[in-house]
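Peer 1: Take this structure first; my questions come after.
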Amino acid sequence: MIKKLLLASAATALLTGAASAADLPRRAAPPPIFTPVPVFTWTGAYFGINAGYAFDASSNNTNSFAVPFPYGNGTTAFFNQRNQEGFSGGGQVGYNFQFTPGSGIVVGIEADAQYLDFGRSRNNAFVVGPLAPGYYVTDPRGLSSLDFFGTVRGRIGYAFDRVLFYGTGGFAYGSGSADRSFGGFAGNDSFRTGYAVGGGIEYALPTDSFLNFFRSSAVTLKVEGLYVNLDRNTRNQGAFVINAANNFPVAYNTIGRRDDEFAVVRAGLNYKFGSY
């Protein structure tokens, strides 16, 4: 009898303890942790490469030169220019600043240096009438010696998150091998300056893009068009009568000045460093 009472008491105590534990307040679950997604900004420095196609945009006009006596007798030389086009490629560095991350106005500055393959046979000349034996006529002007150019430009545009539309413009320069075959008389300017204007669109890939070899904050792709005008000074801009025996000019006549104008369409890849 006593044994039964002890077992009943123990069972009652266990049931009472279980009921009391069920009535205790439960520990609250920790609140979820939210990690804010960074808002993309174009602010930061960048460098990259580009490649594209360049084509002549200058006027393809014809000039004439009356060859003086005794090198000619009623002789006229006519000059025109063959259109040139070819590969262009190089690199660029720059810096952008975006006023409001996400979408907003972006301003920046960019400098680039480019190789230009326009060939070596731009000018075309033909002579009507007799020309004295041992002499020839040439017009050394043109883009034939221009094989390098660069720009320093400002940029302004509007970003829609990772897409940037922009316009650009600024200083341009070009150089090539000066033609000094006429007895040391330079026929082509070896260094020329001018301006460049254009625009483009740029898109920023995700930070973990497979193209991000340098662990930059973003990799961007762009397509851009530029118009470049390099002013020519009037030094030696004209036609020469050359003595074939010693390759020395014996007569000269200015037949006008022509700027070097060309357009470039290119694609580029940039690595951006700075803010996300």
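Peer 1: Out of all the residues in the stretch 144-156, is one or more within 24 Å of GLY52 (Cβ to Cβ), in a loop (DSSP other than H, G, I, E, B) and modelled with pLDDT under 95?
Peer 2: Within the stretch 144-156 (the criterion being within 24 Å of GLY52 (Cβ to Cβ), in a loop (DSSP other than H, G, I, E, B) and modelled with pLDDT under 95), the answer is yes, since at least one residue qualifies.
Peer 1: Identify all residues within the stretch 207-230 that are open to solvent by 20 Å² or more (accessible area, probe 1.4 Å), within 13 Å of the chain's Cα centre (by Cα) and not aliphatic (A, V, I, L, M); write none if there are none.
Peer 2: Those that are open to solvent by 20 Å² or more (accessible area, probe 1.4 Å), within 13 Å of the chain's Cα centre (by Cα) and not aliphatic (A, V, I, L, M): GLY225, TYR227.
Peer 1: Mind counting the residues in the stretch 98-113 that are among the hydrophobic types (A, V, I, L, M, F, W, C) and open to solvent by 60 Å² or more (accessible area, probe 1.4 Å)?
Peer 2: Residues in the stretch 98-113 being among the hydrophobic types (A, V, I, L, M, F, W, C) and open to solvent by 60 Å² or more (accessible area, probe 1.4 Å): 3 in total.
Peer 1: Within the stretch 25-40, can one find any residue that is under 41 Å from the mean Cα position of the chain (by Cα), modelled with pLDDT of 85 or more and open to solvent by less than 60 Å² (accessible area, probe 1.4 Å)?
Peer 2: Within the stretch 25-40, one or more residues are under 41 Å from the mean Cα position of the chain (by Cα), modelled with pLDDT of 85 or more and open to solvent by less than 60 Å² (accessible area, probe 1.4 Å).
The values are calculated or read from the model by the stated rules, or taken from the named source; none is laboratory data. This is a predicted model, so every value here is computed, not measured. Here the Cβ is made from the backbone with ideal geometry for all residues, glycine too, and neighbour counts use every protein chain on show. All accessible areas refer to the heavy atoms of the entire protein, side chains included, with ligands and DNA or RNA removed. Shrake-Rupley method; radii C 1.70, N 1.55, O 1.52, S 1.80 Å.
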